[in-house]
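See below for the structure under consideration.
All of the numbers you see were taken from the coordinates with simple rules; none came from a lab. Source: prediction; values computed, not measured. All Cβ positions, glycine included, derive from the backbone under ideal geometry; neighbour counts span all protein chains shown.
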Amino acid sequence: MLKSIHHAAIICSNYQTSKHFYVNILGLKIIAENYREARDSYKLDLALPDGSQIELFSFPNPPERPSAPEAQGLRHLAFAVDSVSQVCTLLETKQITVEPIRIDEFTGKPYTFFADPDGLPLEIYQV
């Protein structure tokens, strides 16, 4: 029935800051960028190399994230990478704070977390 995740939608507090982060720092490709005048909102469609997408939305005065990643709802967004340590190094050269690399106790694979400009937890997981 379900085949894959098509996209994840993210609402940001500062559109230009988040656009820069996802495009220039994380390297996602812009598919489409639209301003929706009736909502005073931008919608930016971004592609990952595997075809999955992120929809980045801006809205006037969005509420802040209610709490830490352990709140009900989406806990974090995880990206598959070839090398967690290489991606960490790249992120750190772009002044992105990355948590220490951990090892998944069940798979033995390395992973770690960092945050987008609004504090949304993002994970990189070695495949």
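Details
- Each peptide among 96-107, 34-45 gets the average number of other Cβ atoms lying within 10 Å of its residues, and from highest to lowest they stand as 34-45, 96-107.
- Antiparallel beta bridges, as assigned by DSSP with both residues in the chain, represent about 65 percent of the total such bridges.
- Electrostatic dipole magnitude of the chain [Cβ: Lys, Arg +1; Asp, Glu -1; Cα centre; debye, to 20]: 200 debye
- Sorting the Cα pairs of the chain by distance into bins of 5 Å, from 0 upward, gives 2, 9, 18, 22, 21, 16, 7, 3, 1, 0 percent per bin.
- Only lysine pairs 8 or more places apart or on separate chains count here, and in the chain those with Cα atoms under 24 Å apart total 6.
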